[in-house]
Structure formats: C-alpha cells, structure tokens
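> One structure follows; several queries about it will come next.
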Amino acid sequence: MVVAAVGLGPGGLGALAEVRDSKILSAERRESLFPLIRARAAAISLAWAFPRRIETDNILAATLSAMGRAAARLPGDALVLVDGDKAIPGLARPQMAIVGGDDLSLAIACASVVAKVVRDRWMRRLDRRYPGYGLARHKGYCTPEHVKALEALGPSPAHRATFEPVRALLAARRAP
C-alpha cells in the first residue's frame, strides 16, 4: 500500500481545481493531474506499508504507521489533515481526522491522487516481475481475473497471506 502526504503552498492552487477524490478519477486522469500536483505542491512525501507489515500489524495499523511516516517528513509544523476517522498515533504535530477528507480537502485529494499514481506504477513493475497475475490491470484488488491467476499460479512473494483469496488457497492446499 502507498500513502502520500501533500503540503500545498499559497500560490497556484486554482490550477488544481480539477483534483478530486482519486477513486472517482480514471487512471488516465490521475496520471495527467500528477505532474500538475507535483509542480504546484510545496512538498510531497510518500510511505509504503508492505505486505509483511500489513500481515503483522493489520491493515489499519500499517496504514496509520505509513501515514505518520509520510506526514512527519513534510517540512514545517502545519496542521496535518488525515483522511478518515482516526488520528495518526504518535505524530508529533497537530492533526485533524476528516471523514471523507478527499472530498473536502484539496491537500487530501492531491495526496490521494499521488498515492494512487505511485501505486499504479508500482503495480505495473510488479506485473513485469510476476507475470500472469494481471497486477497492472486490477492493481491487486480481488477481481475474478486475480482469483483465477492465484488459483493457477499460486501466490507470488508480493501477495499477502492474509488476503482472503490467498488465505483460502493456502488453506485448501494444506487440507488433506
């Protein structure tokens, strides 16, 4: 999982008026907005939650940890707006959790777009490394194509054993 933190400066924000929640933008639109966000942002920080961390800590704890690392790397001590209903534990700067933040905050929407673009590019790299899973197309989501590939190929090193289709496949293979 990829998370991003974006600090917006005072100038040129009108150019980002088309940035929205990344979930409602097409991959092509996110890619086209990405360089604009990079050019207008005062700072961008990325952090990853890798599969083993997610399995060890759980998805929420791993996400909050990655969000904390990304936010802590932003310069200054401005208020950190967190998308969701949970504050980032241990973050040594002011923060405010905002449910539906990517619809309410331009900084959160920009971070959402940046995170998805970086994630999509990472999934294309993983697709080349582990061909046959269709990772570039479904981005790791539980699609019928992904499940079929898991059944045919078994899990790759990039898969989480706690991802339900992988867990079910591994359990079926262990059963007598």
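> If I compute solvent accessible area with a 1.4 Å probe over the protein chains, what percent of it on the chain is carbon and sulfur?
C and S atoms contribute 59 percent here.
> Additional query: Work out how much length Ala161 to Lys148 would gain on full extension: take 0.36 nm times their residue separation and subtract the Cα-Cα distance, in nm to one decimal. If you can, show how the numbers build up before the last one.
On the way: separation 13, 0.36 × 13 = 4.68 nm, distance 1.63 nm.
Full extension of this stretch gives 3.1 nm more.
> Extending each Cα 7 Å along its Cβ direction at Ala92 and Glu18, get the distance between those two points in nm, one decimal.
For the pair Ala92/Glu18, the computed spacing is 4.1 nm.
> How far apart, in nm, are two points set 7 Å out from the Cα along the Cα-to-Cβ line at Ser26 and at Asp57?
Simple spin-label model gives 3.6 nm for this pair.
> Using DSSP H assignments, which helices in the chain have an axial alpha-carbon span of 30 Å or above and a mean Kyte-Doolittle hydropathy of -1.0 or higher?
On the way: long enough: 106-129 (34 Å, 0.04).
Membrane-span-like by this criterion, though nothing is claimed about a membrane: 106-129.
> When Lys and Arg each count +1 and Asp and Glu each count -1, what net charge do the other residues less than 14 Å away from Ala71, Cβ to Cβ, add up to?
Values: positive: Arg69, Arg73, Lys86, Arg93; negative: Asp77, Asp83.
Net charge around Ala71: +2.
> Shifting gears a bit: What is the antiparallel percent of DSSP beta bridges lying wholly in the chain, to the nearest 5?
On the way: 7 of 11 bridges.
Around 65 percent antiparallel, to the nearest 5.
> Would you grab the residues whose amide H sits under 5 Å from the one on Gln95? Only those 5+ places off in sequence or on another chain, please, with H modelled 1.01 Å from N.
Result for Gln95 returns Val80.
> How much FRET efficiency would the formula 1/(1 + (r/R0)^6) give for Arg73 and Ala175, where r is the Cβ-Cβ distance and R0 is 35 Å, rounded to 0.05?
Numbers: r = 45 Å, r/R0 = 1.29.
Rounded to the nearest 0.05, the efficiency is 0.20.
> Find the relative contact order for the stretch 59-132 and round it to a whole percent, using C-alpha pairs within less than 8 Å whose residues are 6+ positions apart. Write out the running numbers ahead of the final one.
Working: 65 pairs, mean separation 15.8, N = 74.
With pairs under 8 Å counted, the relative contact order is 21 percent.
> If you don't mind, there's one more thing I want to ask. Taking square-rooted eigenvalues a ≥ b ≥ c of the alpha carbon gyration tensor, is the stretch 1-148 rounded, prolate or oblate, where a/c under 1.5 means rounded and, failing that, a/b exceeding b/c means prolate?
It is oblate, given that a/c is not under 1.5 and a/b is not larger than b/c.
> Using helices alone, I'd like the mean residue ellipticity at 222 nm for the chain: each DSSP H run of four-plus residues gives -39500 (n - 2.57), total over residue count, nearest 500.
Details: 8 runs with 88 residues, N = 176.
Helices in the chain give a 222 nm mean residue ellipticity of -15000 deg cm²/dmol.
The values are calculated or read from the model by the stated rules, or taken from the named source; none is laboratory data. No experiment lies behind these values; they were computed from the predicted model shown. Because the Cβ atoms are built from the backbone with ideal geometry, glycine has one as well, and the counts that use them run over all protein chains shown. Side chains are part of the model used for accessible areas, which takes the heavy atoms of the whole protein and leaves out ligands, DNA and RNA. Shrake-Rupley method; radii C 1.70, N 1.55, O 1.52, S 1.80 Å.
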